[in-house]
1. Roughly how many nanometres apart are two label points built 7 Å out from the Cα toward the Cβ at Leu264 and Thr66?
2. Only Cα pairs under 8 Å and at least 6 apart count here; give the relative contact order of the range 44-303 as a rounded whole percent.
3. Just checking my list (i) 26, 53, 21, 0; (ii) 18, 42, 38, 2; (iii) 26, 45, 25, 4, 0 against P(r) over Cα pairs in 20 Å bins from 0, in percent computed from this structure; which label fits?
4. If I stretch the segment between Leu214 and Ala197 completely, what's the gain in nm (0.36 nm per residue apart, minus their alpha carbon distance), one decimal?
5. Set the Förster distance to 25 Å, then compute FRET efficiency between Ala145 and Val117 from the Cβ-Cβ distance, nearest 0.05.
6. In nanometres, what is the gap between the two model label sites at Leu38 and Thr206, each 7 Å from Cα along Cα-to-Cβ?
7. Order by neighbour count: Thr226, Thr265, Thr235, fewest other Cβ atoms within 10 Å first, most last.
8. Using the Karplus curve 6.51 cos²θ - 1.76 cosθ + 1.60 with θ = phi - 60°, work out ³J(HN,Hα) for each residue of the range 122-127 in order, rounded to whole Hz, and write x for Gly and Pro.
Amino acid sequence: MSMKPLAGDKKAWAGVGRIRLWNRRPWRYRVSLAVSRLFFYAALLVVVFTVACAIVPGWIAPYDPTQMMTDAILQAPSAAHLFGTDYFGRDIFSVVVHGSRDSLLIGFASVLVGGIVGSALGIISGYAGGIVDTIIMRAVDILMAVPGVLLALSVAAALGPGLMNIALAVAVSSIPGYARVMRGQVISVKGLPFITATRSLGGSNTRIFWKHVLPHSLSPLLVMATLGVGTSILTGSGLSFLGLGVLKEIPDWGALLSQGRGYLTVAWWICTFPGLAITLFVLAVNLIGDDIRDRLDPKVKGAA
């Protein structure tokens, strides 16, 4: 009588195989993997905390960000004021927490708009080809000839200060990158053997696009969008630093840096902590983006 392995036995043997493969790997690999996991979860914690600050700042900030305490002007960091106070007597920690909303909104909104528009242009260009590809790519080349920061600065100066204007300016500067990446990915997927086989069997272009080309082209977009959030926040903070940001009582991180630069020698904490907030969040987003890329890249997965 033939003995067929049960499903549970297959899973058990698969688990044993993975354990043996893990044990055969050098200890340096295991340490490297453990450290990378540690950095990933630390980055995820930073992102979750920052998003929580943007969504419910009143639950985290100990003071009203517009409250001016005349008896606590330019106080250094202490137990009462973790990040110190500014020249108005405002609690810097509370201002940084409330300012995260505008900074993150600029980052995510610009990635959403730039990613959608740029990806659509790249997909149309790569799949249509011919004169359509030529026209779209020449327009993208013109945009790419201008440095991204300078392009965002020009658009922001033309539109004027405002939250959505800054987000739109940053989005415009990111469109060429998304268009180039998606065009290359679509052309690569379109030339795969199974696409050719599907077309030879009578598959329509519409069906091939929606069922095969588009799903297989989205993984680079996810990685680029994740990494683009950090870049967009940096660009938006730079525009706010130059005075093109949002004119509000509660400034975003870039405007905080601009307001505190004149007090850098006497009250270093006004600039330092908003700068640290930008640095930590951008670093955390980049670490998460690198991890997503490693998980989606078949070459990296095969090497691991």
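1. In this crude label model, Leu264 to Thr66 measures out at 3.1 nm.
2. Values: 391 pairs, mean separation 59.2, N = 260.
The value is 23 percent.
3. Only one listed value fits the structure, namely (iii).
4. On the way: separation 17, 0.36 × 17 = 6.12 nm, distance 1.69 nm.
Roughly 4.4 nm would be gained on extension.
5. On the way: r = 18 Å, r/R0 = 0.74.
It comes out at approximately 0.85.
6. For the pair Leu38/Thr206, the computed spacing is 5.5 nm.
7. Numbers: Thr226 19, Thr265 6, Thr235 27.
Going from least to most buried by this count: Thr265, Thr226, Thr235.
8. x, 5, 4, 5, x, 7
Read-outs: derived from the displayed coordinates by stated rules, not from any lab. Note that the coordinates shown come from a computational prediction; the quantities given were computed from them, not determined experimentally. All Cβ positions, glycine included, derive from the backbone under ideal geometry; neighbour counts span all protein chains shown.
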